[in-house]
Amino acid sequence: MSGFVTKPEPVQVPGLVHLHTGKVRDLYRAESGDLVMVASDRMSAHDWVLPNEIPDKGRILTQLSLWWFERIADIVPNHVISTEVPAGAPADWKGRTLVCRSLEMIPVECVARGYLAGSGLTEYNADRTVCGIALPEGLENSSELPAPIYTPALKAEVGEHDENVSYEETARRVGAELANQLRRTTLDVYARARDIARERGIILADTKFEFGLLDGELVIGDEVLTPDSSRFWPADQWQPGRSQPSFDKQLIRDWLVSPASGWDRHSELPPPELPAEVVEQTRAKYAEVYQLLTGTPWV
């Protein structure tokens, strides 16, 4: 069993219809038909949405996505209409709200990998492939790949694992032309972001995107290139053969599986609350990567 430790009740706002409560974001439809996406401070790990929130996380994710949308706009358009908070919404929605075009979402998580980590490392160690893509011998934990690869997945419900699939399976599901466009766009955006991050002393190890169609045009949606959707590593500490320090929720993952938590992730029991120091250290990591990338201190 997994999912929400305690599923929050959606905020009711006049003129907005609540559509979905996700791991991090709440989705509403406005009377205009546009979507209103609100990033919360919720944190997920090991297929659970945890009882603690990470202060400022929702605003950091939103502002960082907006920063990246500007830098990839010549590659793919995005779904953002405005950042204006709808009338009657809570004051704390400011900075964490996007009013967006309603897209026909494509049911594929588009993942680009430039380094060997996570589920890719597990598969490589078993049979020298990642999502069916053959890789050379001699790679190890956190090795840079000979070239970035596209490894799609099928998006799961809250509490379930996304399912890695082959490129051929995505072509069967969405058609060969669209599957090729998804792969090409994903790798183009990854290459742009990798180079920008590298200039700022950060390795973008991997990332995932979600796309939709608007009048037949491919549009990128949801969040982009945040610590929730990407692995960011400090370049000056990169050392293949081990796990890397990271600007994301790895600290939380590690604490949850440590003896200090007292939690068995394979049981049906929900995870415990995080210690205050783990919460604050995680918030600091998110704020640090925001500053390193944008050049603007998080306040």
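The values are calculated or read from the model by the stated rules, or taken from the named source; none is laboratory data. Not measured: the values here are computed from a predicted model. Using ideal geometry, Cβ is built from the backbone for each residue, glycine included, and neighbour counts are taken over all protein chains shown. All accessible areas refer to the heavy atoms of the entire protein, side chains included, with ligands and DNA or RNA removed. Shrake-Rupley method; radii C 1.70, N 1.55, O 1.52, S 1.80 Å.
Pull up region 131-164, narrow it to residues that are assigned to a loop (DSSP other than H, G, I, E, B), closer than 19 Å to V49 by Cα and among the charged types (D, E, K, R), then point me to the one that is modelled with the lowest pLDDT. This residue is E160. Among the residues of region 150-159, some residue qualifies, meaning at least one is of a type in the set (D, E, K, R), open to solvent by 30 Å² or more (accessible area, probe 1.4 Å) and under 30 Å from S267 (Cβ atoms). Among the residues of region 265-299, those identified as open to solvent by 70 Å² or more (accessible area, probe 1.4 Å), outside any loop (DSSP other than H, G, I, E, B) and without any contact (Cβ under 8 Å) to a residue 12 or more places away in the chain are A276, E277, E280, Q291.
Going through (1) aliphatic (A, V, I, L, M); (2) touching a strand residue (DSSP E or B) at 6+ places or on another chain (Cβ under 7 Å); (3) assigned to a loop (DSSP other than H, G, I, E, B); (4) without any contact (Cβ under 8 Å) to a residue 40 or more places away in the chain one by one, V76 falls short only on (4).
Would region 224-233 turn up any residue that is free of Cβ contacts under 8 Å to residues at least 40 places away in the same chain and closer than 30 Å to E288 by Cα? Yes, there is a match, as at least one residue in region 224-233 is free of Cβ contacts under 8 Å to residues at least 40 places away in the same chain and closer than 30 Å to E288 by Cα.
Here G262 does not fit the description of being surrounded by fewer than 18 Cβ atoms within 10 Å (Cβ to Cβ), out of contact with any Pro (no Cβ under 8 Å at 6 or more places or on another chain) and on the phi > 0 side of the Ramachandran plot. Set side by side, the residues E31, E53, E123 differ, and just one is farther than 19 Å from T226 by Cβ, surrounded by 16 or more Cβ atoms within 10 Å (Cβ to Cβ) and among the acidic types (D, E), which is E123.
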